[in-house]
Amino acid sequence: MPPKITSRSGLAAVALTAALLGAGAPAAYAARDAREAAPAAASPIAEGRSYIETTLLFGTIRPNGGPPVTKKEFRAFVDEFITPRFPDGLTVEDAYGQYRDAHGTIERERSYRVTLLYPTSQSRPNDPKIEKIRAEYLKRFDQESVARIDDRKRVDF
């Protein structure tokens, strides 16, 4: 239980303290908000160059039957078809995903995530290369789709 304030001067002191604390709160929040909203230019990442990050999601289940795409088959696809188009580098990650197939069934599958990074100036020449990769995977492994996600990034190596 808080102490009982009996004098007018004590009551005035409590009121003044509360007023000062309350007045300081908006200033403190404003300072915090200004720090959080600082422009990206203040970040060391802003020193990087403008790149496009393209992520491709490759499933392994064959919707019309047949064995799933094996790790060996996928690695061969990367070596034979993706790497020659993007020899400067790429990232391949094992993943697990799900989607609704053309028959309405939710399919859960082992999948692969391939990330490509390239300067924004290379966007036009790389677009047909990426579309060829997607089309070849569909054809070669009897797939319904290969998801593509493009995003602008600041990158420094």
When residue 62 is run through (1) in contact with a Ser or Thr (Cβ under 7 Å, 6 or more places away or on another chain); (2) not in a strand (DSSP E or B), the failure sits at (1)
Condition first: over 27 Å from residue 48 (Cβ atoms) and of a type in the set (Asp, Glu). Can you find one or more residues in the stretch 102-112 that meet it?
yes
Let me spell it out: the conditions are (1) touching an Asp or Glu at 6+ places or on another chain (Cβ under 9 Å); (2) more than 26 Å from residue 156 (Cα to Cα); (3) touching a residue at least 40 places away in the same chain (Cβ under 8 Å), and residue 109 meets all of them except one. Which number is the exception?
(1)
In this structure, does residue 53 turn out to be over 17 Å from residue 145 (Cα atoms), of a type in the set (Asp, Glu), at pLDDT 95 or above and surrounded by 13 or more Cβ atoms within 10 Å (Cβ to Cβ)?
yes
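Results for (1) of a type in the set (Gly, Ala, Ser); (2) open to solvent by 30 Å² or more (accessible area, probe 1.4 Å); (3) in contact with a Phe, Trp or Tyr (Cβ under 7 Å, 6 or more places away or on another chain), shown as yes or no for each residue.
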residue	(1), (2), (3)
68	no, yes, no
76	yes, yes, no
80	no, yes, no
91	no, yes, no
108	no, yes, no
137	no, no, yes
146	no, no, yes
151	no, yes, no
156	no, yes, no
Close pairs (9 angstrom Cβ cut-off, 6 or more residues apart or separate chains): closer than 17 Å to residue 81 by Cβ and of a type in the set (Phe, Trp, Tyr) in the stretch 53-69, open to solvent by less than 40 Å² (accessible area, probe 1.4 Å) and assigned to a loop (DSSP other than H, G, I, E, B) anywhere:
58/69; 58/143; 58/146
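The values are calculated or read from the model by the stated rules, or taken from the named source; none is laboratory data. On a predicted model such as this, the values are computed, not experimentally measured, just so you know. Neighbour counts are summed over all protein chains in view; Cβ atoms, including those assigned to glycine, are modelled from backbone coordinates with ideal geometry. To get the accessible areas, we keep the full protein, side chains included, count just its heavy atoms, and leave off ligands, DNA and RNA. Shrake-Rupley method; radii C 1.70, N 1.55, O 1.52, S 1.80 Å.
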